[in-house]
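S.K.: Have a look at the structure that comes next, please.
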Amino acid sequence: MCDAITAKLIRVNPATGIIMPKKIKPKITPLEESDLHAFYSAANGDPYGPVFSFLILTGLRINELAGLTMDRVNLDNQTMIVDRQLISINPVKFSTPKHDRARTVSLPDSAIKIIKTERANQARFKLLTGDANFNTHGFVFCQNDGSPIGHRSVYEHIKIIAAKIGVPALRVHDLRHTYAVLSLQAGVDIKTVQESLGHHTAAFTLDQYGFVTDGMRSASAEKLDKYVNSYVK
């Protein structure tokens with residue numbers, strides 16, 4: 001545009017004076033701690049209960065979870081490599097994760113237990129179906145017939161659970177936010193949370209979850225005050 005003015009093709013920059021709309025930050029609505037027990041109780045017995053629990057424990061995006069295969073999981077080291085996401089079920093197609101950032105995520109004991117249970121269930125269903133090609137891609141989570149999990153079914157089931165616990169606006173992606181908030185509240189450093197979530201920078205993670213760190217900062221100030229005052233005679 002400046003070149004056009006310099007070349008005298010136009011006299012005035014038409015973009016001058018334009019006021020850009022403010023970027024609206026999406027509202028983050030993780031599960032409250034008071035809702036967690038009710039959520040787990042409602043999800044217990046649901047076919048997608050293990051999926052929802054795994055999302056809370058790892059912070060994966062639903063596409064990343066759907067595309068997670070056993071060859072990406074190291075049960076001994078309790079880690080998994082997140083280097084792709086499932087973008088198509090029929091035919092099965094993968095793509096790189098958001099931001100093209102592959103990452104290694106630590107798995108807590110509860111997540112390892114879920115994976116082992118899923119493997120045992122899949123072995124049982126493979127025997128029942130007699131299908132030699134059952135879950136041929138080795139998905140950690142799959143349907144009872146061995147096919148990849150479908151987004152529509154996942155969304156439908158979380159809405160059923162959300163209605164039961166009185167949080168009708170709850171989305172699948174909010175479980176990822178729940179992971180981030182719980183991790184920060186548990187004292188996990190922001191850099192580790194950023195890397196686990198696959199965010200481009202720690203600054204972005206801080207911007208997303210600043211309301212959590214603000215509360216933690218206030219709590220830490222109170223703790224310090226009590227600690228120092230314990231020495232004041």
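The values are calculated or read from the model by the stated rules, or taken from the named source; none is laboratory data. What you are looking at is a predicted structure, and each value in this text was computed from that prediction instead of being measured. In this analysis, Cβ positions are derived from the backbone assuming ideal geometry, glycine residues included, and neighbour counts consider all displayed protein chains.
S.K.: Which numbered condition in (1) at positive phi; (2) without any contact (Cβ under 8 Å) to a residue 24 or more places away in the chain is the only one that D83 fails?
M.R.: All conditions pass for D83, except number (1).
S.K.: What number goes with the only condition from (1) in a helix (DSSP H, G or I); (2) closer than 18 Å to S53 by Cβ that L170 does not pass?
M.R.: Single failed check for L170: (1).
S.K.: Can I ask one more? Being assigned to a helix (DSSP H, G or I), modelled with pLDDT of 90 or more and surrounded by 13 or more Cβ atoms within 10 Å (Cβ to Cβ) narrows it down to one of H199, H157, H137, so name that one. Lay out the reasoning, then the answer.
M.R.: Details: H199 fails: assigned to a helix (DSSP H, G or I); H137 fails: assigned to a helix (DSSP H, G or I).
So the residue among H199, H157, H137 that is assigned to a helix (DSSP H, G or I), modelled with pLDDT of 90 or more and surrounded by 13 or more Cβ atoms within 10 Å (Cβ to Cβ) is H157.
S.K.: I would also like to ask the following. When you look at K126, is it charged (D, E, K, R), under 19 Å from V82 (Cβ atoms) and without any contact (Cβ under 8 Å) to a residue 60 or more places away in the chain, yes or no?
M.R.: Values: charged (D, E, K, R): yes; under 19 Å from V82 (Cβ atoms): no; without any contact (Cβ under 8 Å) to a residue 60 or more places away in the chain: yes.
No.
S.K.: Still on this model: I'm trying to understand the selection: among the residues of segment 96-115, which are hydroxyl-bearing (S, T, Y), farther than 11 Å from N74 by Cβ and in contact (Cβ under 8 Å) with a residue 24 or more places away in the chain?
M.R.: Our first condition is that a residue be hydroxyl-bearing (S, T, Y); within segment 96-115, this holds for 96, 104, 106, 110.
Next cut, farther than 11 Å from N74 by Cβ only: 96, 110.
Within segment 96-115, S110 is the sole residue that qualifies.
S.K.: Oh, and also: Looking only at segment 150-162, decide whether some residue is closer than 26 Å to H37 by Cα, in contact with a strand residue (DSSP E or B) (Cβ under 6 Å, 6 or more places away or on another chain) and not aromatic (F, W, Y).
M.R.: Among the residues of segment 150-162, not one is closer than 26 Å to H37 by Cα, in contact with a strand residue (DSSP E or B) (Cβ under 6 Å, 6 or more places away or on another chain) and not aromatic (F, W, Y), which makes the answer no.
S.K.: Within the group K164, K126, K113, K159, which residue is basic (K, R) and over 19 Å from D46 (Cβ atoms)?
M.R.: Working: K164 fails: over 19 Å from D46 (Cβ atoms); K113 fails: over 19 Å from D46 (Cβ atoms); K159 fails: over 19 Å from D46 (Cβ atoms).
Selected residue: K126, the only one of K164, K126, K113, K159 that is basic (K, R) and over 19 Å from D46 (Cβ atoms).
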